[in-house]
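Here's the structure we're looking at; comments come further down.
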Amino acid sequence: MKHTYAFSLIELIIAITLISIISTIALPNLSTLLIKVRVDNKISELQRLLLITRSSAINKSGTVTMCPLNSSNTCQNLWKKQISIFTDINNNGVYEPSTNDELLLVKEAINNDDTLHFSYTRISYQPTGLLNGIFNGTFKYCPKDHDELSRGIIISPTTGRIYTSKDTNNDGKDNNRSGINISCL
């Protein structure tokens, strides 16, 4: 004899009620989690780009620049746009294939309403791995309408090393190395 297993109407109503309650509690937290994951991914991607720029300068024994290029192949301060890494033989912040500059990598623009801020139009590394020029800057990645979830990458002006922001005071917001919150407001 075959046994048929099924839910009774009461069991089904209880299951749907439990799922509704759990969803009501979990969905707002899920949205915040998804934003955090997106920001973490973008910070990791930017960190890799900076590491590639620095290591390429060392490996190629020449200046390597990372920046968003405009239509004239000149660095511009629009970091949300497509970012390029290229050898910059004459260190002028212009990608010039005619002078044997080599395009090493291109990162696509940020596709959503998030923003990426940096005070300078470009960042260049020397063959020693040190910065070409004195920078005291922080890349700030800020998700739209969630400034409290902003994260950053701090670039050491003396060594050119990079550090990701951390929540050092346990207030739920990332801080730079001086303890100041990362914010785009």
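The values are calculated or read from the model by the stated rules, or taken from the named source; none is laboratory data. Bear in mind that the values here come from a model prediction, so they are computed numbers and not experimental data. Cβ placement follows ideal geometry from the backbone for every residue including glycine, while neighbour counts extend to all protein chains displayed.
Odds and ends about this structure:
- Any chance residue 53 is at pLDDT 95 or above, touching a helix residue (DSSP H, G or I) at 6+ places or on another chain (Cβ under 9 Å), over 20 Å from residue 112 (Cβ atoms) and not charged (D, E, K, R): no
- Close pairs (9 angstrom Cβ cut-off, 6 or more residues apart or separate chains): among the hydroxyl-bearing types (Ser, Thr, Tyr) in segment 31-45, surrounded by 14 or more Cβ atoms within 10 Å (Cβ to Cβ) anywhere: 32/146; 32/149; 44/164
- Qualifying residue in segment 20-41 (condition: surrounded by fewer than 12 Cβ atoms within 10 Å (Cβ to Cβ) and either within 30 Å of residue 124 (Cβ to Cβ) or in contact with a His (Cβ under 7 Å, 6 or more places away or on another chain) (or both)): yes
- Contacts under 9 angstrom Cβ, first residue in segment 172-184 being at pLDDT below 85, partner of a type in the set (Gly, Ala, Ser), 6 or more apart: 177/156; 177/165; 184/150
- For segment 1-19, taking the residues that are modelled with pLDDT under 75 and of a type in the set (A, V, I, L, M), the one that is surrounded by the most Cβ atoms within 10 Å (Cβ to Cβ) is identified as 6.
- Set 81, 144: member being surrounded by fewer than 16 Cβ atoms within 10 Å (Cβ to Cβ), within 14 Å of the chain's Cα centre (by Cα) and basic (Lys, Arg): 144
- Residue match in segment 31-40 (condition: modelled with pLDDT of 95 or more and among the charged types (D, E, K, R)): no
- Checking each residue in segment 119-141 for being under 23 Å from residue 56 (Cα atoms) and within 14 Å of the chain's Cα centre (by Cα) picks out 138, 139.
- Residue selected from segment 119-135 under the condition surrounded by fewer than 20 Cβ atoms within 10 Å (Cβ to Cβ) and among the hydrophobic types (A, V, I, L, M, F, W, C), by the criterion modelled with the highest pLDDT: 130
- Taking first residues from segment 142-155 that are under 18 Å from residue 170 (Cβ atoms) and partners that are basic (Lys, Arg) and surrounded by 21 or more Cβ atoms within 10 Å (Cβ to Cβ), the Cβ contacts under 9 Å between residues at least 6 apart in sequence or on separate chains come to 150/140; 151/140; 152/140.
- Options 138, 168, 115: the member that is without any contact (Cβ under 8 Å) to a residue 12 or more places away in the chain and either surrounded by 14 or more Cβ atoms within 10 Å (Cβ to Cβ) or farther than 18 Å from residue 71 by Cα (or both): 168
- Taking the listed residues 31, 71, the one that is assigned to a helix (DSSP H, G or I) and polar (S, T, N, Q) is 31, with no other qualifying.
- Restricting segment 84-112 to residues that are part of a loop (DSSP other than H, G, I, E, B) and among the small types (Gly, Ala, Ser), the residue that is surrounded by the fewest Cβ atoms within 10 Å (Cβ to Cβ): 109
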